[in-house]
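Reading through the structure tokens given below for one structure.
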Amino acid sequence: MDQKRLFTAIVVSLAILMGFQYLVAPHLPKPPPPAPAQVAANDAARPSDAASTSGAHAGPAEQATQAAPANVPRVKINAPRVAGSISLLGARIDDVTLTQYRETLAPDSPDVRLLSPLSTDTPYFVQYGWTPPPGETVKVPDNNTLWTASADTLGPGKPVTLSWDNGAGLTFLITLSIDEEYMFNVRQSVKNATDKPVSLYPWARIRRDYKPEVAGYYVLFEGLLGVANNRLEQLTYDHTKTEAEKRNGVAFEATSTGGWAGITDKYWLTALVPDEQQPAKVFFRHIDNHGDHYQVDYVTSDPKVVPAGGEAEHVTHVFTGAKVVSILSAYERNLNIPMFDYAVDWGWFWFLTRPIFLALDYLNKMFGNFGVAILVFTVFVKALFFPLANYSYRSMSKMKLLAPKMQALRERFKDEPQRMQQEIMGLYRAEKVNPASGCLPLIVQIPVFFSLYKVIFVTIEMRHAPFFGWIRDLSAPDPTNLFNLFGLIPFNPAHYIPLLALGAWPLIMGVTMFVQQKMNPPPPDPVQARMFQFMPVIFTFMMAHFPAGLIIYWSWNNTLSVAQQWLIQRKTRLAKPSLART
């Protein structure tokens, strides 16, 4: 009885927590968005207050001045997966659109815009520069610098060099190239025509001058992240702000050779990749200056020395695109970027989520449909747990046949609870029945269930992936609704009452749960039995807001379980007819 009460408490607690997370939390009032970050346009690059292990060093500055104009000279970006432009005012990569992804499934939906100029309400850009060591005066390019481009279009095999002469013997150059995917190669170089060597710190930064609206789910990370010293670091926007308030604007800093750092959304990533051979210092920052400004930047630990009459260069990369696992993994191998595929939020169960994704991705390539891949994967999971499920279902079948004997014992010893428990346990031992075995398949499959949910929810491969019929996006909830007769009535009550969203697949799942429940022996306690009768209804409404791919998995899993359990119960009745006699 104590075990059943504990199990009941766990089920009810999970139902309450998950129901609040998915039915109530998304509809709570949200704080007003920050004002457009117009004042963040002209951050002059100057020495930072941070210090390295070898002394003071320089980095991109946080000083704001005036807003940037909307019309500035630009270099066009024309690549297979990326379109946009580079601002020649300040040398910013600030206009990037992902041409293979749309905002919605609507035919006229615009492409996903990842980076935006300072003149917009959502400034988000990548910038490169140099800073002289403390105490030295060198005229370096800043946000007001107007660069000269060697060509008007950047594309694969068509690099573009931006140049600027400081009028004092130094020529600064930024040579940009882009591959067929989402990676820019950036070569910062300085030519020194003077008779003295010059020391400079090259730096790179990603700047987001607003706080984006995040999903707010505990299964999804969005914010500042990176790998330093082979360790994944993640700070949400709120955590970054809190930590930065304690440490003069710097939420996190580390010195590392290799690695990467950037800002991630659910499906999109902008990340800096430093020179893998040279130590560099990475910073996660929050600047509270007329709004929220988030920044990830790298600066070399040691300055680059440009010899008199010579040249010095610094080569890095920047990724700006979709978090396609195969693309991230290829960059990890080819460019030696450690843990780059961990830009995808695999979560605590990474040892399950990543293999599950790889299996689904392989099956999708085989069958051409992620929905079919989920169905086939479910069969594999059932086969993997077949021995355990077989044992459990046999035990539950025996318990169902023992129900009359157990009821007779309860009536006989209803005034002696302790004796009744002893007799029931003796009956279990005599018939070799384990009353807790029914929980085993559920407990074992819970990590698989949550890992699959994680895969469907966070991987871009599942985004806008269709199934059959009305399911056009496996990562989104079933779009149909029982309460408007599945679209026959031109009204969606879920817009006003979120609970009134009940699609066809959640209904199918509820039916399979009900059938499976009827095949199991009911709890002996009448109160528990009545409560368990409502569990299919509760889960049907609660999971109506889950991704359709997960509901399809659970429905098919229940169907296979029902078939397996029916066969086992039939064999048990034929093999042990004496159990049914009282």
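Quick notes on this one:
- Over 26 Å [Cα-Cα, region 171-308], rounded percent: 31 percent
- Two-decimal ratio, region 263-339, of alpha-carbon radius of gyration to 2.2 N^0.38 Å: 1.37
- Computed from the Kirkwood radius of its Cα pairs, the Stokes-Einstein diffusion coefficient for region 294-334 at 37 °C and 0.692 mPa s stands at 237 µm²/s.
- Computed over region 461-520, the P(r) tail beyond 16 angstrom holds 55 percent of alpha carbon pairs.
- Near-label residues of region 531-575 by backbone N, under 19 Å of a point 7 Å along Cα→Cβ of Phe386: 556-572
- Summing charges over neighbours of Gly291, with a neighbour being any other residue whose Cβ is under 9 Å away from its Cβ, gives -2 when K and R count +1 and D and E count -1.
- Relative to the current alpha-carbon distance between Ser150 and Val562, full extension at 0.36 nm per residue lengthens the span by 141.5 nm.
- Calculated SAXS-style log₁₀ I(q)/I(0) at q = 0.16, 0.30 Å⁻¹ - region 80-122, Debye, Cα scatterers: -0.46, -1.03
- Contour excess over end-to-end distance, with Cα ends at Tyr362 and Phe449 and 0.36 nm allotted per residue: 29.4 nm
- A simple spin-label model places pseudo-atoms 7 Å from Cα toward Cβ; at Gln100 and Ala168 they are separated by 4.6 nm.
- log₁₀ of I(q)/I(0) at q = 0.09, 0.12, 0.16, 0.21 Å⁻¹ - region 250-402, Debye sum with one point per alpha carbon: -0.51, -0.74, -1.01, -1.34
- Radius, Kirkwood style, for region 102-230 when every pair of distinct Cα atoms is counted (Å): 18.2 Å
- Each 5 Å bin from zero up to the one holding the largest Cα-Cα distance in region 135-202 carries the following percent of pairs: 3, 14, 24, 21, 16, 11, 6, 3, 1.
- Heavy atoms of Met183 accessible to a 1.4 Å probe, total area in Å² rounded to 10: 10 Å²
The values are calculated or read from the model by the stated rules, or taken from the named source; none is laboratory data. Here the structure is a predicted model, which means the values were calculated and not measured. Counting neighbours? That spans all protein chains shown, and the Cβs are built from the backbone with ideal geometry, glycine included. Surface areas here come from the heavy atoms of the whole protein model, side chains and all, with no ligands, DNA or RNA. Shrake-Rupley method; radii C 1.70, N 1.55, O 1.52, S 1.80 Å.
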